[in-house]
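First comes the structure, then the notes that go with it.
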Amino acid sequence: MQILRTTLSYSILIFSFSYCIELREGFVYLKDVIPNIKIDLKYFTKNNFVGNKIKGYNAPVAIVTKETAYALKEIQNDLKHFDYGLKIFDSYRPQQAVDHFVRWAKNNSRKMKSIHYPDVKKKNLFKEGYIAKKSSHTRGSTIDLTIINLNNGKELNMGTVYDFFGKESWLENKNLTIAQRANRLLLQSVMKKYGFIPLKEEWWHYTLSNEPFSEKYFNFPVE
């Protein structure tokens with residue numbers, strides 16, 4: 001029994017240590033600021049456009065700059081009045097993850113093509129701006145997200161899946177249902193209200209306008 005208690009205590013200690021790593025100054029775990037926010041970190045899983053877990057994502061945690069976290073907290077509180085909330089797909093992204101995307105773009109794997117880039121040739125993903133060698137995510141103040149219904153946890157219909165590479169994801173795309181357009185407009189409106197700038201090619205992608213590390217690209221892992 002004593003051995004069991006010792007082993008259990010050791011396991012708890014290891015678990016606690018793995019989720020209490022001291023972050024770089026200026027960064028926070030988003031859950032520490034918004035405990036009830038939904039995190040669905042796609043690059044920690046195989047459910048992404050690459051089809052494999054991405055290098056540098058060692059835990060399913062969202063890390064952002066402090067300024068981003070508190071702006072998102074205001075948005076979460078605002079949406080709560082309508083029984084809505086945020087779901088986070090990606091936040092801070094280490095440079096090693098971006099490098100993983102670059103290597104993937106040069107290989108022959110196309111196993112997620114039908115879901116994420118059915119009408120775009122893989123070799124054109126860089127040229128058409130869907131993948132870049134430097135990402136604003138690596139500065140810590142860019143967020144990929146959507147809105148969910150708090151009553152059932154379901155995502156609002158935005159017209160495409162997250163990380164869909166094509167004109168269907170563009171903000172100016174008009175080939176949507178009225179409900180899909182309204183949902184995208186709601187996301188844009190509330191994000192802009194609290195200081196976020198959208199990316200015209202991706203309905204889910206927003207960067208804080210007054211980001212603190214506008215010229216800095218980080219490479220510490222997500223853990």
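The values are calculated or read from the model by the stated rules, or taken from the named source; none is laboratory data. On a predicted model such as this, the values are computed, not experimentally measured, just so you know. Here Cβ is always computed from backbone atoms with ideal geometry, including for glycine, and neighbour counts include all displayed protein chains. Ligands, DNA and RNA are excluded from the accessible area calculation, which covers all protein heavy atoms including side chains. Shrake-Rupley method; radii C 1.70, N 1.55, O 1.52, S 1.80 Å.
For the condition among the hydrophobic types (A, V, I, L, M, F, W, C), modelled with pLDDT of 95 or more and touching a Leu at 6+ places or on another chain (Cβ under 7 Å), residue 71 qualifies. Total residues in the range 52-65 satisfying the condition of being surrounded by 16 or more Cβ atoms within 10 Å (Cβ to Cβ) and either small (Gly, Ala, Ser) or under 21 Å from residue 197 (Cα atoms) (or both): the figure is 5.
Every condition in (1) of a type in the set (Gly, Ala, Ser); (2) open to solvent by 30 Å² or more (accessible area, probe 1.4 Å); (3) in contact with a strand residue (DSSP E or B) (Cβ under 7 Å, 6 or more places away or on another chain) is met by residue 140 except one, and the failing one is (2). Of all the residues in the range 76-110, those that are crowded, with 18+ Cβ neighbours inside 10 Å and small (Gly, Ala, Ser) number 3. A residue that is assigned to a loop (DSSP other than H, G, I, E, B), of a type outside the set (Gly, Ala, Ser), within 28 Å of residue 23 (Cβ to Cβ) and in contact (Cβ under 8 Å) with a residue 60 or more places away in the chain cannot be found anywhere in the range 104-119.
Identify, from the list 111, 55, 80, 73, the residue that is out of contact with any Pro (no Cβ under 9 Å at 6 or more places or on another chain) and closer than 20 Å to residue 163 by Cα. Walk me through how you get there before you give the answer.
On the way: 55 fails: out of contact with any Pro (no Cβ under 9 Å at 6 or more places or on another chain); 80 fails: closer than 20 Å to residue 163 by Cα; 73 fails: closer than 20 Å to residue 163 by Cα.
Answer to the selection: 111.
Has the range 174-182 got at least one residue that is at pLDDT below 95 and more than 17 Å from the chain's Cα centre (by Cα)? Yes, that holds for at least one residue. Taken over the range 98-129, the criterion of being aromatic (Phe, Trp, Tyr) and within 18 Å of residue 52 (Cβ to Cβ) is satisfied by 101, 104, 117. For residue 123, the criteria (1) over 30 Å from residue 24 (Cα atoms); (2) surrounded by 14 or more Cβ atoms within 10 Å (Cβ to Cβ); (3) charged (D, E, K, R) hold in every case but one, which is (2). Does the range 148-193 hold any residues that are assigned to a loop (DSSP other than H, G, I, E, B), open to solvent by 60 Å² or more (accessible area, probe 1.4 Å) and touching a residue at least 60 places away in the same chain (Cβ under 8 Å), and which are they? Passing the criteria: 150, 151.
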